[in-house]
Amino acid sequence: MNQEEIQQVQPEKDKEQKKERDIIKKEEKKSSSEKFLDFISKNRKIIIGLGIAIVLIIVAIGIYTAVSGNIASASSRAMELADQKTMQWSQETDEQKRAEIETSLMAELDSIANKWPKTIAAQRALIRKAAILSQKKEYAEAEKVALEAYKRNKKSYVAPIALELAAVAAEEAGNIDAALEHYILITKDYKKDNPAAPHAFFNVGRIKETKGDYKGAVEVYDQLISSFGDSEWAMLGKNRVIYLKAQGLAD
């Protein structure tokens with residue numbers, strides 16, 4: 001390549017290098033809040049999916065409490081056996097055997113819910129059924145069953161767990177209005193003594209953001225921060241408030 005050709009190519013090369021430097025600088029200037037927004041967008045499934053994990057953990061705690069407290073009612077014993085079968089179902093790798101176990105398990109859960117309709121065992125059976133349906137991605141039916149569990153006894157410790165599962169299922173099904181309604185109910189009626197409450201508050205704010213209600217989202221995040229300041233969800237809420245205010249969206 002002669003000197004003249006080099007002189008012709010060099011400006012284009014310089015232009016491309018400048019463009020690359022500008023892109024790098026833009027990324028470096030990206031605020032932590034903007035990065036957090038990217039994180040929320042990319043990890044939406046994980047965030048709402050934590051609801052199912054919370055549900056299963058709390059249900060497990062309830063099972064342990066019932067057994068350790070020597071609660072020997074027929075409904076509790078039946079639910080304990082159903083939980084053992086649930087474990088068997090979750091660990092089975094053969095599709096045909098898994099399907100057979102699932103058919104039997106669902107029948108047992110329905111039997112418990114129908115035979116002892118007003119008991120904690122009935123609510124737990126319905127929650128377990130809803131969780132299984134969610135794992136199978138049958139979200140509409142999962143929401144329906146979870147809400148039935150909630151309605152059986154709204155004052156029990158498992159009522160907010162059922163609502164959490166209903167909210168997760170509704171959002172997975174694409175019904176964010178129903179999900180928002182369920183989460184709001186948790187924040188209003190089950191704020192105290194509920195490990196899932198901070199998660200519910202955060203998701204109310206997150207969904208309000210999705211709907212463009214930025215002012216409403218900030219209000220909910222502020223409630224989350226003031227009520228559960230030490231939780232990880234409150235820390236996430238603080239980041240969202242900083243970002244929304246910095247963008248002028250919360251005025």
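Any read-out appearing in this document is the output of simple, stated calculations on the displayed coordinates, not a laboratory observation. Just so you know, these numbers come straight off a predicted model, no measurement behind them. Backbone-built Cβ (ideal geometry, glycine too); neighbour counts: all protein chains shown.
Which order results if Y157, Y221, Y139, Y183 are arranged by neighbouring Cβ count within 10 Å, fewest first?
Y157, Y139, Y221, Y183
A 23 angstrom limit on the alpha carbon distance is what I want to check against. Which of K85/K192; K118/K208; K211/K238; K85/K154; K97/K136; K136/K192 exceed it?
K85/K192; K118/K208; K85/K154; K136/K192
Where the centre of each part is set by its Cα atoms, how far does region 147-162 sit from region 174-251, in angstrom?
If you average the Cα positions of each part, the centres end up 22 Å apart.
Within 10 Å of each residue's Cβ, count the other Cβ atoms and sort M87, M235, M106, M79 from fewest upward.
M87, M235, M106, M79
Given labels modelled 7 Å from the Cα in the Cβ direction, how far is it in nm from L249 to D110?
Reported label-point gap for L249 and D110 is 4.5 nm.
Which ordering of S134, S104 is given by a fewest-first count of other beta-carbon atoms within 10 Å?
S104, S134
For region 75-199, max minus min Cα coordinate along each principal axis, in Å, sorted largest first?
Reported extents, whole Å, longest axis first: 42, 31, 22.
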